[in-house]
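Here's the structure we're looking at; comments come further down.
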Amino acid sequence: MKSSIQLVSIPIGWPDDAPPRSACFGLTPEGESGESYEDLVSYFRRLCACHGIFPHSFAWRVRPLFENQEVCTPNFNQYATVMNGVSGVAATWVDVLEKLTLRTDLILRTLLPLRGVIGRTKLLYRKERFCPCCYRDDEALGRPKYNRLLWSIECVEACPLHSTLLETAPEASKRNRFTFWLPGISRLDGGSLANHKARQASDQQVRMARLIADLLDDIHEDPEAFANGAPISEFLQHAAITLFEGKISKLFSHLRCPKSFYKLKYGATRPSLPLVAHIASTFDCDISDILLGRKVPLKIIDLSFDFKRLNCRRHFRIVESSDALLTDLKNLESSGMAKNLNQTCSLLDVNKDRLRKLAPDIVARIVKIGREDRHRQKFEREESNFAKYWQCYQELRSQHVRPTRNRVSSLVTQRTGRKFNWSEASKFQTRASRLSAAIKVAGDAPDKPPSKNRDTTRTTNSCRKRH
């Protein structure tokens, strides 16, 4: 029977009292505040890049360290969405990576310190998101691009540093996927996501992001306090006594929570992070005050439409009248946040049929906006890909090499990593050939003298007709 390999040990010949050597590089996580703390998935990807190995290959190599080897699956994306959360998968990955790097602070790159005070519902966003301005700052400061822990939380929709909306990382089909593992790299063409256009966020979205960022700061200062946090029922009782004459029913009515959340007052369940953030914003306090049961001064803040509806309604599934839903739909359209029908239904937490029956004219305009936006994005992608193809096409012509479709496609793949299928390459080859011929004709036409052979032929033919 083979003995297990010790990944963390002292090399042979070293003194016995020497500190152990880590199996992997002790890479330092990025970030210095709640707005910029790096998450565990980003740290794992950068660690794989330092060793020159893909994440799924790295995971298979360290699989013997997992007590439950089913946690380590072949597809990295299956567990990458939960590595930053509060589940057992996140705890297992923290333990393994701390053994490999001999670090003790990787648990703070997840939400595991909140494991005993919040639930898993509506905690992590299922897709990768980013802030283009943060990536630009990383490039300007010369540091590696990395993903922030704040971006992986579902109820956070904006970057508090730049007041911009978080963008969803582009996804590509398996056939045209660009091979990558570093954060900040596009899966479509391998370009930098720092070049993505940033959009302005609303004040309520920025306020929500700052509340969560302050919570992450409090976790880093005293993570043990949250492990032994007080039940939310203590804070709710304090808020009811302070603001609603001790009546907890009025408090829940003001928060617009359904009856299923009334069991929170008995401490029978753990609240979700969106609910706690909603309570903190409504009563003008910190999220840590609620989770730790602090009796702080409270006051009621009248929140506007964006925060109440977009951040809380879809989490609580509150059923409202058609008039209120129509008002929400009009506000979405006027604010420019309704990019397409699917996004609008997700924000309002309704299905398409109800919106079509309620306001068919507004839905038609939103569908038209979405169609135009998709056509514009498709046209921009085609123009960008053709620009790369045309550049390599001209380069081969300058080297007196015949620019065939295979040669140009191979050169583009070698330069940028972008692979074209047969239809794309054929279309670009035809377009490049026509453009090259048009440029040649335009360059030769002004200075080209009339051909003598053509004049002689015309004269001979005219003489023959006379005879």
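The values are calculated or read from the model by the stated rules, or taken from the named source; none is laboratory data. Keep in mind that what you see is a predicted model, and the values were worked out from it rather than measured. A quick note on method: Cβ atoms are made from the backbone with ideal geometry, for glycine too, and the neighbour counts reach across all protein chains shown. These area figures cover heavy atoms from the full protein model, side chains too; ligands, DNA and RNA do not enter into them. Shrake-Rupley method; radii C 1.70, N 1.55, O 1.52, S 1.80 Å.
The table for this structure:
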| read-out | value |
| --- | --- |
| Most to least accessible of 60, 93, 390 (protein chains only, probe 1.4 Å) | 60, 390, 93 |
| Derived scalar couplings ³J(HN,Hα) [the stretch 351-366; Karplus, 6.51 cos²θ - 1.76 cosθ + 1.60; whole Hz; x for Gly, Pro] | 8, 5, 5, 5, 5, 5, 6, 6, 9, x, 5, 5, 5, 5, 5, 5 |
| Simple label model, 7 Å out from Cα along Cβ direction - residue 81 to residue 192, nm | 3.0 |
| Amide H contacts under 5 Å for residue 21, placed H, 5+ residues apart | 9, 10 |
| Solvent accessible area, Å² - residue 30, 1.4 Å probe, full protein context | 50 |
| Gyration tensor (alpha-carbon) shape descriptor, the stretch 41-164, a/c threshold 1.5 | oblate |
| Per-q log10 I(q)/I(0), the stretch 111-236, q = 0.20 Å⁻¹ (Debye; single scatterer per alpha-carbon; no solvent) | -1.18 |
| Simple label model, 7 Å out from Cα along Cβ direction - residue 410 to residue 322, nm | 6.5 |
| Contour excess over end-to-end distance, with Cα ends at residue 250 and residue 368 and 0.36 nm allotted per residue | 38.2 nm |
| Backbone HN-Hα couplings from phi across the stretch 115-120 [Karplus 6.51/-1.76/1.60, Hz, Gly and Pro as x] | 4, x, 10, 10, x, 8 |
| For the stretch 185-249, convex hull of alpha carbons as volume per residue, Å³ | 194 |
| Amide N of the stretch 202-240 lying under 11 Å from the label point, which is placed 7 angstrom from the Cα of residue 335 along Cα→Cβ | 202-206 |
| Listed pairs 388/440; 299/339; 122/330 exceeding 24 Å between Cα atoms | 299/339; 122/330 |
| Distance between modelled label sites at residue 433 and residue 352, nm, 7 Å Cα→Cβ extension | 4.0 |
| Gain upon complete extension [residue 384, residue 299; 0.36 nm per residue less C-alpha separation] | 25.3 nm |
| Accessible heavy-atom area order of 238, 196, highest first, probe of 1.4 Å | 196, 238 |
